[in-house]
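The next block holds one structure in the form of structure tokens; read it before the comments.
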Amino acid sequence: MDSLQEFDSTSITLPLTSTTTTAPTASSSSSPTSSTSTLSRYENQKRRDWNTFGQYLRNHRPPLSLSRCSGAHVLEFLRYLDQFGKTKVHIQLCPFFGHPNPPAPCPCPLRQAWGSLDALIGRLRAAFEEHGGKPENNPFGARAVRLYLREVRDSQSKARGISYEKKKRKRPPQQQQQQQSPALLMALPPAPAPATTNTSDDHE
């Protein structure tokens, strides 16, 4: 990680900034630059996240350099962000545990939503390698980070009564018939040969 670029000294204010999008106008939706603007929003968010993490490392006691950052430090960062979360996560003793639409307020804590953390780690993982980090040394891709995100997803899914499972797309019936197994096709009996008639007998 000798070529890994350290963070700059730009002052960034915590908490983590959230992604803000503006509704596209009729001219922008038909313009070919709409995809470019979407990419720019992603790149800007990734840069803000990268600088925010850099400020977190500088404020760490003792201060941490990026080259010494590990998956454990990434987990500390994610837990630190929970204090700025806006997603209600019910505890098991709460009467609204597992209720997707609670009818009344409750004192359960606010946390960062799993989807926000998952997207954040994806951007930081890409930014790490863009700044010279090696994929095998990427702390944002550490196994501990993946397990933590999985635990957050499962716990929030139960607490909020929301399923995060991706729905599988059903294939059209025609594609299913075309994609039959070759072994199944070979097992089918061969079609009988068409019967032939002797035309010479008709003239006798």
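Residues of segment 54-77 being in contact with a helix residue (DSSP H, G or I) (Cβ under 6 Å, 6 or more places away or on another chain) and either open to solvent by less than 40 Å² (accessible area, probe 1.4 Å) or of a type in the set (A, V, I, L, M) (or both), which ones?
Across segment 54-77, the qualifying residues are 56, 64, 69, 71, 74, 75, 77.
Each row is one residue, and each column tells you yes or no for (1) modelled with pLDDT under 95; (2) within 25 Å of residue 73 (Cα to Cα); (3) touching a strand residue (DSSP E or B) at 6+ places or on another chain (Cβ under 8 Å).
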{"position": "110", "(1), (2), (3)": "yes, yes, yes"}
{"position": "140", "(1), (2), (3)": "no, yes, no"}
{"position": "158", "(1), (2), (3)": "yes, no, no"}
{"position": "162", "(1), (2), (3)": "yes, no, no"}
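Under 15 Å from the mean Cα position of the chain (by Cα) and of a type in the set (Gly, Ala, Ser) - does that describe any residue in segment 129-141?
Yes, there is a match, as at least one residue in segment 129-141 is under 15 Å from the mean Cα position of the chain (by Cα) and of a type in the set (Gly, Ala, Ser).
Would you be able to tell me the number of residues in segment 122-155 that are assigned to a helix (DSSP H, G or I), open to solvent by 10 Å² or more (accessible area, probe 1.4 Å) and of a type outside the set (Phe, Trp, Tyr)? Walk me through it before giving the result.
To start, the set of residues in segment 122-155 that are assigned to a helix (DSSP H, G or I) comprises 122-130, 135-137, 139-141, 143-155.
With the extra rule that they be open to solvent by 10 Å² or more (accessible area, probe 1.4 Å), the set shrinks to 122-123, 125-126, 129-130, 135-137, 141, 143-144, 146-155.
Now narrow it down to the ones that are of a type outside the set (Phe, Trp, Tyr): 122-123, 125-126, 129-130, 135-137, 141, 143-144, 146-147, 149-155.
Counting residues in segment 122-155 that are assigned to a helix (DSSP H, G or I), open to solvent by 10 Å² or more (accessible area, probe 1.4 Å) and of a type outside the set (Phe, Trp, Tyr) gives 21.
Name the residues in segment 86-101 that are farther than 11 Å from residue 159 by Cβ and surrounded by 13 or more Cβ atoms within 10 Å (Cβ to Cβ), would you?
none
Pairs only if they're at least six apart or on different chains, beta carbon under 6 angstrom, first in segment 102-115 and open to solvent by less than 40 Å² (accessible area, probe 1.4 Å), second of a type in the set (Asp, Glu); list them, first residue then second.
Short answer, once both residue conditions are applied: 112/82.
The values are calculated or read from the model by the stated rules, or taken from the named source; none is laboratory data. For clarity, every value in this text was computed on a predicted model and none was experimentally measured. Positions of Cβ are backbone-derived with ideal geometry, glycine not excepted, and every protein chain shown enters the neighbour counts. To get the accessible areas, we keep the full protein, side chains included, count just its heavy atoms, and leave off ligands, DNA and RNA. Shrake-Rupley method; radii C 1.70, N 1.55, O 1.52, S 1.80 Å.
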